[in-house]
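J.: The structure's right below; bear with me while I get my questions together.
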Amino acid sequence: MKVEVDSFSGSKIYPGRGILYVRCDSKVFRFQNSKSTSLFHQRKNPRRLAWTVLFRKQHKKGVTEEVQKKRARKFVKHQRAVVGASLDLIKERRSMRPEQRKAKTQEALKVKKEKKKLDKEKRKTEKAKRVAGGFNNLSKQQAKGAYQKVQPSSY
């Protein structure tokens, strides 16, 4: 028993049923009933008629048993170094205990404060030397090392 397929609606045509239409270019069309024949000759689009197989396929109707669940990709985590910090350094800091981390930051702050204090003292001594040497009225550019014209004290 050979079951044909309707050229318009896509439904099954059992033996002894249907209409066979041969166009003048020798193309064969099979129709299940006069409804699909009529709509074909009216040049209707079967994808726009909700009851046709083509419409149902296009709009994903009634294909639940054929569709498989899409597999979600498993995410793989990669650890990469950041600019200014190597991967080993990052791992070391991550494994530190909070107390250790706090102590290390306190120590770094202490060192920074000491350095700032020393710089301030150094600037004070340099300023005192300049005042003692008579270079009190320097412009910003002169202080940075620009060429300065020395004027004699007596004319």
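The values are calculated or read from the model by the stated rules, or taken from the named source; none is laboratory data. All of these numbers come straight from a predicted model, not from anything done at the bench. When we count neighbours, we look across all protein chains shown, and the Cβ atoms used for this are built from the backbone with ideal geometry, even at glycine.
J.: Which one is surrounded by the fewest Cβ atoms within 10 Å (Cβ to Cβ), of the residues in the stretch 5-16 that are touching a strand residue (DSSP E or B) at 6+ places or on another chain (Cβ under 9 Å) and of a type outside the set (Phe, Trp, Tyr)?
T.: 15
J.: Additional query: Please enumerate the residues belonging to the stretch 93-105 that are surrounded by 10 or more Cβ atoms within 10 Å (Cβ to Cβ) and either at pLDDT below 85 or polar (S, T, N, Q) (or both).
T.: The answer is 93, 100, 105.
J.: For residue 39, are the conditions met, namely being of a type in the set (A, V, I, L, M, F, W, C) and at pLDDT below 95?
T.: Details: of a type in the set (A, V, I, L, M, F, W, C): yes; at pLDDT below 95: no.
For residue 39, the condition - of a type in the set (A, V, I, L, M, F, W, C) and at pLDDT below 95 - is not met.
J.: Filter the stretch 17-36 down to residues that are surrounded by 12 or more Cβ atoms within 10 Å (Cβ to Cβ), hydroxyl-bearing (Ser, Thr, Tyr) and over 52 Å from the mean Cα position of the chain (by Cα), then give me how many there are.
T.: Here the count works out to 1.
J.: Another question, then. Looking at 44, 2, which is the one that is in a loop (DSSP other than H, G, I, E, B), in contact with a Pro (Cβ under 9 Å, 6 or more places away or on another chain) and surrounded by fewer than 16 Cβ atoms within 10 Å (Cβ to Cβ)? Talk me through it step by step, then tell me what you get.
T.: Numbers: 44 fails: in contact with a Pro (Cβ under 9 Å, 6 or more places away or on another chain).
Unique residue meeting the criteria: 2.
J.: In addition: Mind checking which residues of the stretch 7-27 are under 16 Å from residue 56 (Cβ atoms) and either free of Cβ contacts under 8 Å to residues at least 40 places away in the same chain or β-branched (Val, Ile, Thr) (or both)?
T.: 12, the sole residue that qualifies.
J.: Taking the stretch 82-121 as the region of interest, how many residues are part of a helix (DSSP H, G or I) and among the aliphatic types (A, V, I, L, M)?
T.: Number satisfying all stated conditions: 8.
J.: Would you mind telling me which numbered condition in (1) in a helix (DSSP H, G or I); (2) among the polar types (S, T, N, Q); (3) loosely packed, with under 10 Cβ neighbours inside 10 Å residue 79 fails?
T.: (1)
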